[in-house]
1. Where in the range B:53-89 does the label zone of B:Lys185 land, with the point 7 angstrom along Cα→C-beta and an amide N cut-off under 16 Å?
2. Quote the total accessible area buried by chains A and B together, excluding ligands, DNA and RNA, probe 1.4 Å, nearest 100 Å².
3. When DSSP assigns beta bridges and you keep just the ones with both residues in the range A:2-213, what percent turn out antiparallel, to the nearest 5?
4. At 1.4 Å probe size, with every protein chain present, just tell me what the per residue accessible area of the range B:1-86 comes to in Å².
5. What lysines sit close enough to A:Lys232 to cross-link, taking a C-alpha to C-alpha distance under 18 Å and skipping anything fewer than 8 places away on the same chain?
6. I'd like the residues of the range B:1-31 whose 1.4 Å-probe accessible area shrinks by no less than 30 Å² going from the isolated chain to the full set of protein chains.
7. Could you give the semi-axes, largest first, of the ellipsoid that matches the range A:8-140, computed as the square roots of 5 times the alpha carbon gyration tensor eigenvalues and rounded to whole Å?
8. Rounded to the nearest 500 deg cm²/dmol, what is the calculated helix-only ellipticity per residue at 222 nm for chain A, with -39500 (n - 2.57) per DSSP H run of length n ≥ 4?
Amino acid sequence: MKFYVCIKMVPDVAAPFQIKDGELIMDADRMVLNAYDASAVEEALVLKEQHGGEVEVVCIGAAKASETIRKALAMGADKGTHITTSGDEGFDSGSYAAILSAFFKDKEYDILSLGKQSQDTDSGLTGSMVAQMLDLPYATNAVGLEIEDGKLIVKRQGDSGQEMIGLPTPCAVTCSNDMNEPRIPNLKGIMASKRKPIDTVELSSLELSEDELSPASKVTSYEHKPARQAGKKFEGEADEVAREVAQLLDTEANVL
Amino acid sequence: MSSILTYIAISDGKIKRSSLEVLSRSKAIADANGLDCDAVIIDANASTFTDSVQQYGASKIYVVEDPIFIQHRNTPLLSALSKVMEQSKPNVVAFASTEGTKDILGALAANQNAGVVADVSSFDVTGNGVLAKRPVMAAKIMGNVEVSGDTVLVSVRSGSYDLVESPASAEIINIDFSIEESDLKAKLREIISATGDTIDLNEAESIVAAGRGVKDEEAKNLISELASVLNAGIGASRALTEAGVYDPSLQIGQTGKVVSPQLYIAVGISGAIQHVAGMANSKVIVAINKDGDAPIFEVADYGIVGDLYKVLPPFIEELKKIKG
């Protein structure tokens, strides 16, 4: 099985940041492998260990993004491709999906996997966009993956429970971070990663049109959320206050 | 005539309330901007829902009815939505941000060459697209997003808008649709029905979280029962996951999961700052705690000071009545 895992370098959402005149200011050193993508890498590695094959990671980004590729290689991925950009194009999900589909259109693979969303923006659009552009059968929000008779069996979290979906290969899948605990690279993995190949692909070589690349959406500004206020406190006979609050959740808070 | 089309999500034979919230918003936008407010229902029994949808002001209702839609499947849903969009040519298509929507939104945007913005907490239309506000950076802050395009798709978090009835007599438009099970490449093998502990906390609409006050099996059972009544995910404070009472993946807080459900019920949780960091963006917070001075009450919308063993049984019973 040939796995391609698309990974992204994103801000550490736990790192401190500021908003100044609507702009988000973050420490540039606090960039990490997107947690959902780390789960996708982990799952591909587990399936490779069980069934054999090769795991290749693909990352779009500026020069610094190669650190994220090294991280995935240190976890155990076999090789990486870095699609290089300036990093300040303001790409949106559609731009990333267009780049990935242009890259994959002449590639051979069985399973194309991605994190289900980026931890900074939480949009969750790129995966199904890529599947559509490449005309691949797909499943999103996977919480478990297995390979059975050359098919990918996806357990996904849906609206009314978990669904088991069988996908013929080649296919695409987006991964939840609830599917596994990504391994922390050990020293041996880190040393080995330095000898693993990273191919560099210039964005221009993918011959995408201005129209395909230009983002349809842009963030115009950021703002803080209003702070929370304490609400009502109910003290008294347990039976009475419990029923009163239950009723209020229905009639006043409207959340039932 | 320009229009805004709202997708009405059906799950388990019921209209998802969140899609009627979105329709209410679409109706307000349509009225303010001179747009048509249309709706689309795609389900095995789609036509049975048109009366309910008319109550929220849709002037045209597109109905796609086929047995294939008895369960969520992305391929048929995509092709049905594409067909309706090609016929109705909407400027904006609005969705409730359900798992079903998340599964197809990007693909539909790519298929229809539309702009798209997901999981917003508010939106409005402009001359050439949509303006929206959405939580980013683990819901710590809001981003203002501008999307341009002849067609823009937008998905809206549940609870962002109130239901507003606006009864209208809608024109019902049946769309011919058929797809064979055998033509689908992705095969649905099995549905594993929902139980409290399999609900993804990051996306759960309701969460029941247990803290140090949950000490024994009886209390754990009350937590499970409450979660089951609300179809809620179960979370826990660090104290309980470290003690091995709940699985580590259920930890909510700065070092665990950061959640923002519509309803968060903290049971026996004191509300240490590390815990609050993980749940302060919940829409409505209920706290149940013996200690009236516990810091959790500073962020709770509804605080019940009392013993969880005495509070939870009547609370659960009353919720069952309301839900039933």
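The values are calculated or read from the model by the stated rules, or taken from the named source; none is laboratory data. Not measured: the values here are computed from a predicted model. Here Cβ is always computed from backbone atoms with ideal geometry, including for glycine, and neighbour counts include all displayed protein chains. Remember, those area values only see protein heavy atoms, side chains included, never the ligands or the DNA or RNA. Shrake-Rupley method; radii C 1.70, N 1.55, O 1.52, S 1.80 Å.
1. So the set is B:74-79.
2. 6900
3. Here the share of antiparallel DSSP bridges comes out near 40 percent.
4. That works out to 34 Å² per residue.
5. Once the sequence-local lysines are set aside, what remains near A:Lys232 is B:Lys283, B:Lys290.
6. In the range B:1-31, residues shielded by partner chains: B:Arg17.
7. 26, 18, 14
8. Taking each H run of at least 4 residues, the total per residue is -8500 deg cm²/dmol.
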